[in-house]
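Each remark here refers to the structure printed beneath this line.
Values in this text are rule-based calculations from the coordinates and carry no lab data. A quick note: this is a predicted structure, and the numbers were derived from the prediction, not measured. Ideal geometry is used to build each Cβ from the backbone, glycine not excepted, and the neighbour counts take in all protein chains shown.
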C-alpha cells in the first residue's frame with residue numbers, strides 16, 4: 001500500500017495558520033524555490049528509504065516537510081560517502097565540503113542547494129540546533145575509509161553516534177509542535193537498543209550492496225562465532241556458516257527492536273510512529289530471513305500484504321491521535337545570524353575563556369603526571385553559611401551557585417578534564433519544601449542564564465528524574481544536547497542523585513542485558529558493569545573534595561570513588577573560590593598513590 005499524499009497538499013496543510021497570520025514570514029507555499037526544494041526532499045525520502053517515508057506520513061502534516069528535509073540531507077551525505085567514483089579521501093572531502101557549506105547557509109538563512117535550502121528553512125522555522133548533528137556528519141565522513149569493529153560495544157557506539165542525532169532532531173520537531181516524543185529516562189537503554197536494532201536491520205537488508213563495495217559492517221565478535229562465514233559472504237557463497245550467522249543476527253535485531261515499554265506514557269501519535277517503525281522492521285527481518293542466497297544479490301522487501309496489515313491500522317490510529325491534538329504551527333523564523341551549525345570552527349569562535357580571578361590569581365603549574373583527571377566535589381555548608389550570616393537558608397544556595405561557577409572557571413584555567421559537582425542528593429528531599437524549591441530554581445536559572453553557557457564546557461546530568469520539575473529535566477537535557485560536541489571541561493552535575501540508587505539501577509540494566517542474551521551472566525566482570533552505568537565513559541574519580549567540615553562521602557559516586565584520594569576542608573561552600581580548587585589539586589599532586597602496591601624504594 002503506497003502513501004498518496006501529494007507534496008502540495010502536505011505543504012498546504014503544514015502551514016495554513018501562517019496564512020492567517022500576516023505578521024509571520026511567508027509560508028512555504030508562497031516561495032516557489034522552497035516548495036520545489038521540499039518536493040525534492042520528499043521524492044528522495046520516498047525513493048531511497050520507503051520505510052522512513054511511510055513513517056513520516058504518519059507524522060502530523062505540519063511536520064512532514066521538516067521530516068523530508070532531515071532524511072533527504074542524511075541520504076545525500078550517505079550517498080556522497082558511498083559513491084564509488086572516487087577514492088575514500090576525495091569522498092570524505094565531499095562530505096566535509098557539504099557540511100561546511102551547510103554552516104555557511106545557516107548563517108545566510110538560505111542556500112543555492114535545494115536540499116540544504118529545505119534543511120536551513122526547517123532549522124530556522126522550527127528552531128532546531130543542527131550543531132548536534134556534527135558528530136553524525138563526522139561519522140559519515142569517516143565511514144569512507146571503511147569500518148572495523150572488534151566487538152559489539154564498538155559497533156553500538158558507532159551505531160548510536162551515526163543515527164541517534166538524526167532521530168533526536170525528529171524528536172525535537174515533535175516537541176516544538178507541542179506533542180513531545182518524550183522518552184522516560186529509565187527507558188534510555190531501550191531507546192539505544194531500538195536504534196541499534198534499526199541499524200542492524202538496515203545492514204542486513206543492504207548486505208549484498210555493501211559486500212559489492214567490499215564492506216561488511218559487522219563486529220568481529222559476531223563473525224568469530226561462525227568460523228568461515230565472513231569469507232563466504234565476501235565470496236558470495238551462501239554456506240551453512242553464513243546462513244547461521246544471518247539467522248543469529250536477525251534474531252538479535254528482533255530482540256533489539258522489540259521495545260514496547262519504550263513508548264509507554266508517550267503521546268499516542270508519537271507512540272504510533274515508533275510502534276509502526278518496530279512492526280515494519282520486524283517485517284523487514286522476516287524478509288531478510290526468508291531471502292536465503294538472494295540476500296547476497298538484492299535487498300529483500302516485505303510483501304505489499306504484510307505492509308498493508310501494518311500500515312492500515314497505523315494510519316487510522318495516527319489520524320485520530322493528531323485530530324485530537326492541538327499542534328503548534330511554527331512562528332516567525334529565528335534570525336539566521338543566531339543559528340549555530342555543524343562547523344567546528346563556527347562554535348569555537350563563539351566560546352570565550354573564563355573570566356580572570358578578581359585578584360589576578362593564576363593557577364599553579366602541575367606536572368602532567370601529577371594532575372588528576374577527575375575531581376568530584378561535595379558542595380557542603382550552604383545552609384550553615386546562611387545561618388552564620390543571619391540569612392535564610394535558601395540564600396546560602398544562591399551564594400553557592402557563584403562558588404560553583406568559580407570551580408568551573410578554575411578547572412578550565414588549570415586544565416582539568418572532568419569535574420563533577422554534587423548539587424542535590426536523593427536524601428535532600430527530606431529538607432524544608434521552600435529550601436528545596438530555592439535549590440532547584442537556582443539550578444534552573446543558572447542553566448538558562450549562567451555564564452558557563454559560553455565556555456568550552458560539555459555539560460552532563462547524573463541523577464534520576466523522579467520528583468524533579470519537568471521544566472528542569474528538559475533544561476538539563478537541552479544543555480546536554482547543546483554542549484555535547486565541546487571538547488574542553490566535562491562538567492557533570494549530580495541532581496537527585498544517590499550512589500546506591502545508581503548501583504541498583506545499573507545492576508538491573510545488567511540483569512536485563514543478561515536476560516536478553518547480550519551478555520553471558522557467568523562471565524560478567526567489572527568492565528561489563530561499568531558499561532551499564534548511566535555515563536559509561538566517566539573516568540574514576542582521582543580526588544574527592546568535601547567542604548563544610550564534614551568527613552564522609554554521603555552516598556556520592558561509590559563506584560567511581562573506590563580509589564579516590566579524599567580531601568576535606570572546614571570552610572563552607574559559598575566561601576570557596578577557584579584558588580581552593582587549585583589548592584586541592586596541589587595537595588593531590590603531593591600524594592603517593594599506590595592502589596594496593598608496595599612503593600618502589602630506590603637504593
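Summarising the overall dimensions of segment 346-590 from its C-alpha atoms, the Rg and Dmax are 18.3, 59 angstrom.
Compared with the direct C-alpha span, the chain from residue 384 to residue 448 gains 20.3 nm at full extension, assuming 0.36 nm per residue.
Here residue 535 and residue 362 are evaluated by their C-beta separation; at R0 = 30 Å the FRET efficiency comes out at 0.45. Fewest neighbouring Cβ atoms within 10 Å first, the residues 181, 371 line up as 371, 181. At full extension, residue 417 and residue 562 could sit 50.3 nm farther apart than now, given 0.36 nm per residue minus the alpha carbon distance. In terms of the mean number of neighbouring beta-carbon atoms within 10 Å, the peptides 531-538, 58-65 order highest first as 58-65, 531-538.
For segment 206-260, the normalised intensity computed at q = 0.18, 0.19 Å⁻¹ comes to -0.60, -0.66 (log10 of I(q)/I(0), Debye sum over alpha carbons, equal scatterers, no solvent). With the helix formula -39500 (n - 2.57) applied to DSSP H stretches of n ≥ 4, the chain reaches a computed 222 nm mean residue ellipticity of -17000 deg cm²/dmol. Between segment 149-213 and segment 424-472, the C-alpha centres lie 29 angstrom from each other. With neighbour counts taken as other beta-carbon atoms within 10 Å, the residues 409, 563, 38 rank, fewest first, as 563, 409, 38. As a calculated quantity, the FRET efficiency between residue 320 and residue 471 at R0 = 22 Å, using C-beta atoms, amounts to about 0.15. Between residue 430 and residue 520, the modelled label-to-label distance comes to 4.5 nm, taking each label 7 Å out from Cα in the direction of the beta carbon. On a 0 to 90° scale, report how tilted helix 578-590 is relative to the longest principal axis of the chain, with both axes built from alpha carbons and the result rounded to the nearest 10. Around 80 degrees separate the two axes.
Kindly express, to the nearest 10 degrees and within the range 0 to 90, the angle between helix 188-205's C-alpha long axis and the longest C-alpha principal axis of the chain. Its long axis makes an angle of about 30 degrees. Between residue 224 and residue 104, the simple label model (points 7 Å from Cα in the Cβ direction) yields a spacing of 4.7 nm.
Run the simple label-point estimate for residue 487 and residue 527 please: 7 Å along Cα→C-beta, distance reported in nm. Here the modelled spin labels are 2.6 nm apart. Per-residue extension of 0.36 nm, minus the Cα-Cα distance of residue 512 and residue 480, leaves a gain of 8.9 nm for this segment. The convex hull of the Cα atoms of segment 102-212, projected and averaged over all directions, covers 8.8 nm². The angle between the Cα long axis of helix 88-108 and the longest principal axis of the Cα atoms of the chain comes to about 70 degrees, rounded to the nearest 10.
By the count of neighbouring beta-carbon atoms within 10 Å, fewest first, 494, 104, 41, 279 end up ordered 104, 279, 494, 41.
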